[in-house]
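First up is the structure itself, then whatever we jot down about it.
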Amino acid sequence: MMASEGGAPVALNERDAVDVLLRELGNDLVVVGDAIDPRYFTAYNEVPGVRPLALIRPRTVDDVSRTLALCSRLTLPLVPQGGATGLARGAVALGGEVVLAMERFAGIEEIDTAAGTITVRAGTPLQTVQEAADEAGFTLGIDLGARGSCQIGGNIATNAGGNRAIRYGVMREQVLGLEAVLADGTVVTSLNKMLKNNAGFDLKHVFIGSEGTLGVVTRAVLKLHPKLASPATALCRVTDYDAVVKLWHRVRATLPSVISFEAMWPEFYRFVCANTPGVTAPLAADDGFVVLIECASSDAAASASDAHAALEACLGTCFEDGLIDDAALATSTRQALDMWTLREGLAIDTLPHFMNFDVSLPIGAIGVFAERCRAALVERWPHAVSVFFGHIGDSNVHIGVSLADLPVYGEDAVDRVVYEVVREMGGSISAEHGIGRLKRPYLGYSRSAAEIEVMRRMKAALDPLGILNPGKVL
Ligand SMILES: Cc1cc2nc3c(=O)[nH]c(=O)nc-3n(C[C@H](O)[C@H](O)[C@H](O)COP(=O)(O)OP(=O)(O)OC[C@H]3O[C@@H](n4cnc5c(N)ncnc54)[C@H](O)[C@@H]3O)c2cc1C
């Protein structure tokens with residue numbers, strides 16, 4: 001760690017660096033030692049990791065800018081942190097960094113009903129933005145299970161996908177304008193509200209999905225969509241994965257109001273049905289694939305019963321044509337919630353030494369991928385349990401793997417088996433969760449040497465000292 005004094009770099013030990021942070025930023029912003037709550041150094045669903053050198057909690061963009069300028073001067077590495085719900089261990093320190101937690105820079109700055117945009121601060125929880133959009137008579141195009149805890153800045157930094165991507169696209173498609181602070185403290189404000197703006201490079205795309213390695217996202221302008229009427233939700237059963245794909249094409253062709261199309265492989269559905277207390281499974285757990293379909297109209301005159309009728313009619317013809325074997329339409333909010341609870345599948349987190357994978361492949365290849373992946377795991381560990389589920393409408397499948405004796409082999413061994421199959425089949429090792437720390441060794445499985453070299457050049461140009469989230473992504 002070096003500091004520059006009168007032009008000459010000065011070596012600083014960690015304690016001196018913390019003293020400089022406290023002196024220059026003040027103890028309203030800087031928290032040190034035991035006063036740092038473990039949640040700031042605990043990745044989602046894991047035991048606490050490495051305590052950061054300091055926790056910095058900015059209240060303004062200027063606080064973020066001063067912090068980064070100071071960290072640059074001290075060559076002190078910094079980890080941006082949102083709601084810490086990320087599943088790639090990207091938001092926690094590895095050792096020797098400070099953590100910049102954005103939660104105090106929260107709130108809605110503006111809703112422009114003419115432009116159909118909402119301007120928000122990075123630390124605002126996703127759910128707060130959804131509720132503000134709803135109150136203003138609009139719908140936000142992004143939704144995911146961690147909505148109550150994850151933050152807009154984290155959603156942008158990970159380019160989150162979620163449950164509505166087939167209707168509205170992923171986070172990248174929601175962002176019209178962005179403000180980010182560079183490693184040297186420069187604030188780049190491009191809070192654009194226009195759909196068309198080709199005045200030079202569109203810089204927001206540099207930061208979206210960069211997982212805190214190229215800049216700290218501070219504010220964003222997001223698109224608002226016409227308000228959705230209450231949704232209709234159904235589960236249906238089909239024979240095999242080919243039938244899932246056929247059903248998807250039928251649904252997208254005949255049900256324009258579809259917002260979610262989520263598939264559960266038989267082993268996954270059986271497990272969550274048996275292990276989710278308080279939820280009554282609307283379809284019995286047997287050998288078929290179960291698909292959750294949700295639709296909602298954005299026609300102002302449409303009602304919940306219109307969505308229900310449209311979904312019922314669509315499923316009726318699918319049944320007559322032999323595309324589905326069975327279906328259950330939710331007749332209450334409670335039933336719809338139960339269907340989503342099964343699909344979100346938190347029950348699988350209780351499997352011993354559970355590992356979660358998030359990959360994407362062309363939709364037609366996912367069935368074969370799942371078979372090959374399971375076979376490769378069982379070939380290596382005959383007792384391996386694997387379950388498959390995901391946002392199949394957007395070519396994204398999640399895999400849960402449980403190996404009772406995982407500590408004997410280590411997570412890397414399982415990663416390699418799964419990602420080898422992804423590589424062989426030309427898929428992506430990260431559909432929506434990002435690379436973070438977890439998938440860093442495998443980036444080359446899904447990106448060419450030339451692509452990685454361009455990423456490195458961008459990193460060197462924007463963060464020449466390498467202080468932003470080191471050890472993540474690249
Ligand atoms: C129950 C559950 C369901 C989930 N479902 C989905 C899903 O359907 N789709 C999906 O995509 N993800 C899902 N996730 C993963 C996670 O919620 C998302 O990745 C989310 O976008 C992370 O937001 P966060 O604020 O928690 O970010 P964090 O976990 O805090 O950070 C994630 C990454 O972004 C960086 N970062 C955070 N804030 C900033 C900022 N302001 N500027 C720059 N970098 C920043 C961090 O350094 C880190 O690299 C789910 C997670 C859980 C626990």
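The values are calculated or read from the model by the stated rules, or taken from the named source; none is laboratory data. In this text the structure is predicted, and so the values were computed from the model without any measurement. Don't worry about glycine lacking a Cβ; one is built from the backbone with ideal geometry, like all the others, and counts go over all protein chains shown. The accessibility values were calculated without ligands, DNA or RNA, using every heavy atom of the protein model including side chains. Shrake-Rupley method; radii C 1.70, N 1.55, O 1.52, S 1.80 Å.
Per-structure values
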| read-out | value |
| --- | --- |
| Local electrostatic count at Ser430 - Lys and Arg +1, Asp and Glu -1, tallied over other residues with Cβ under 9 Å | -1 |
| Beta bridges by DSSP in the chain, antiparallel share as percent, to the nearest 5 | 90 |
| Heavy-atom SASA rank of His225, His205 (probe 1.4 Å, accessible area, largest first) | His205, His225 |
| Charged-residue dipole, Cβ positions (Lys, Arg, Asp, Glu), the stretch 261-368 about Cα centre, Debye nearest 20 | 300 |
| The stretch 147-222 - percent relative contact order, Cα under 8 Å, separation 6 or more | 40 |
| Unit charges at the beta carbon, dipole of the stretch 351-458: most positive-side option, Phe369, Met458, Pro382 | Met458 |
| Per-residue ³J(HN,Hα) for the stretch 362-374, Karplus 6.51 cos²θ - 1.76 cosθ + 1.60, θ = phi - 60°, Hz, x for Gly and Pro | x, 3, x, 9, 5, x, 5, 4, 4, 5, 5, 5, 4 |
| Mean Cβ neighbour count within 10 Å, used as a protection proxy, ranking 418-429, 456-467 highest first | 418-429, 456-467 |
| Kirkwood-based Rg to Rh ratio, the stretch 9-110, C-alpha trace | 0.96 |
| The stretch 232-346 - percent of accessible surface contributed by carbon and sulfur, probe 1.4 Å | 53 |
| Surface share of carbon and sulfur [accessible, 1.4 angstrom probe, percent] for the stretch 92-147 | 45 |
| Crossing angle, helix 266-275 versus the chain [Cα axis fit, 0-90 degrees, rounded to tens] | 80 |
| Mean Cα-pair separation over length for the chain, i.e. relative contact order, pairs under 8 Å, 6 or more apart, % | 15 |
| 25 Å Cα cut-off, lysine pairs counted over the chain (separation 8 or more, or different chains) | 13 |
| Cut-off 14 Å between beta-carbons: net charge of the residues surrounding Val385, Lys and Arg +1, Asp and Glu -1 | 0 |
| Two-decimal ratio, the stretch 351-458, of alpha-carbon radius of gyration to 2.2 N^0.38 Å | 1.07 |
| Overall Cα dimensions of the stretch 63-139 - principal axes, largest extent first, Å | 46, 28, 17 |
| Accessible area per residue in Å² at 1.4 Å probe, computed on the stretch 2-103 | 44 |
| Orientation-averaged projected area, Cα convex hull of the chain (nm²) | 23.7 |
| Mean Cβ count within 10 Å, highest first, over the residues of peptides 190-196, 141-147 | 141-147, 190-196 |
